[in-house]
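Nothing in this text is a laboratory measurement; each read-out follows from the coordinates by a stated rule. Given the structure is predicted, the values throughout are model-derived calculations rather than measurements. Here the Cβ positions follow ideal geometry from the backbone for every residue, glycine too, while neighbour counts run over all protein chains shown.
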Amino acid sequence: MADNEKNITTNRKARYEYQIIQSFEAGIVLTGTEVKALRQNKINLVDSYATVDLNEVWLVSANIGIYDHGNINNHEPTRKRKLLLNKSEIRKLRKAVNEKGSTLVPLRFYFKKGKVKVEIAIAQGKKVYDKREDIAKRDEKRSLERQFKL
């Protein structure tokens, strides 16, 4: 993470459930109360995903909570939000999503130079044995670190 980035949230479940193939940085179209809610870290990326429709990429079911000090013009928490990418990136995403087993998942939200950015990734679902293998590797690494610590 660069010096000018401030992490808002990370989708930790995505790295466990999916094998990440390639990631992209995207801007996102938000309303004022959504940005203020993000500054309060009121976001949940669990079960959210991105779709490609007619040369546009949309973030679906990302839950940005209601802003505390908002009024009647507050935003809808789970609305579809447009992601801002280059045409060539959108073309790559569309091609990847058309492959069997591939999907687009948001990995993290962060501020970069005052703007909200989303890191989305082309991902493929892991099988149960892949998940078990990852857990075993993580446990082994943890035990080795404990041995060297002593």
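One table, with the values for the structure above:
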item	result
Degrees, to the nearest 10: 87-98 long Cα axis against longest axis of the chain	60
Net lengthening on full extension, D53/Q124 (0.36 nm per residue, minus Cα-Cα)	23.6 nm
Neighbour-limited loop hits for GluC sites (Glu not before Pro), region 9-69 (at most 13 other Cβ within 10 Å; DSSP other than H, G, I, E, B)	none
Centre separation in Å (Cα based) which lies between region 91-131 and region 6-67	10
Between 0 and 90°, nearest 10: helix 128-149 axis offset from the chain longest Cα axis	70
The chain: most fluctuating residue of N86, N44, N73 per GNM, C-alpha cutoff 10 Å	N73
Residues V57, V128, V35, sorted so that the one with the fewest Cβ neighbours within 10 Å comes first	V128, V35, V57
For region 5-125, size of Cβ-based charge dipole, Lys and Arg +1, Asp and Glu -1, in debye	300
Integer Hz, Karplus 6.51/-1.76/1.60 couplings in order for region 120-127, x for Gly and Pro	10, 9, 7, 9, 10, x, 8, 7
Among D139, D68, D47: highest mean-square fluctuation, GNM of the chain, C-alpha pairs under 10 Å	D139
Relative contact order %, region 5-125, counting alpha carbon pairs below 8 Å whose residues are six or more apart	38
Extension gain, Q19 back to I66 (0.36 nm per residue minus Cα-Cα distance, nm)	13.7 nm
Gaussian network model of the chain, springs between alpha carbon atoms under 10 Å - residue of I120, I43, I135 with greatest fluctuation	I135
Potential lengthening between V97 and T78 on full extension [0.36 nm per residue; Cα-Cα distance subtracted]	4.6 nm
Loop sites in region 112-144: trypsin sites (Lys or Arg not before Pro), DSSP, at most 15 other Cβ within 10 Å	K113, K127
Cβ-defined net charge surrounding S88, 12 Å radius [Lys, Arg +1; Asp, Glu -1]	+4
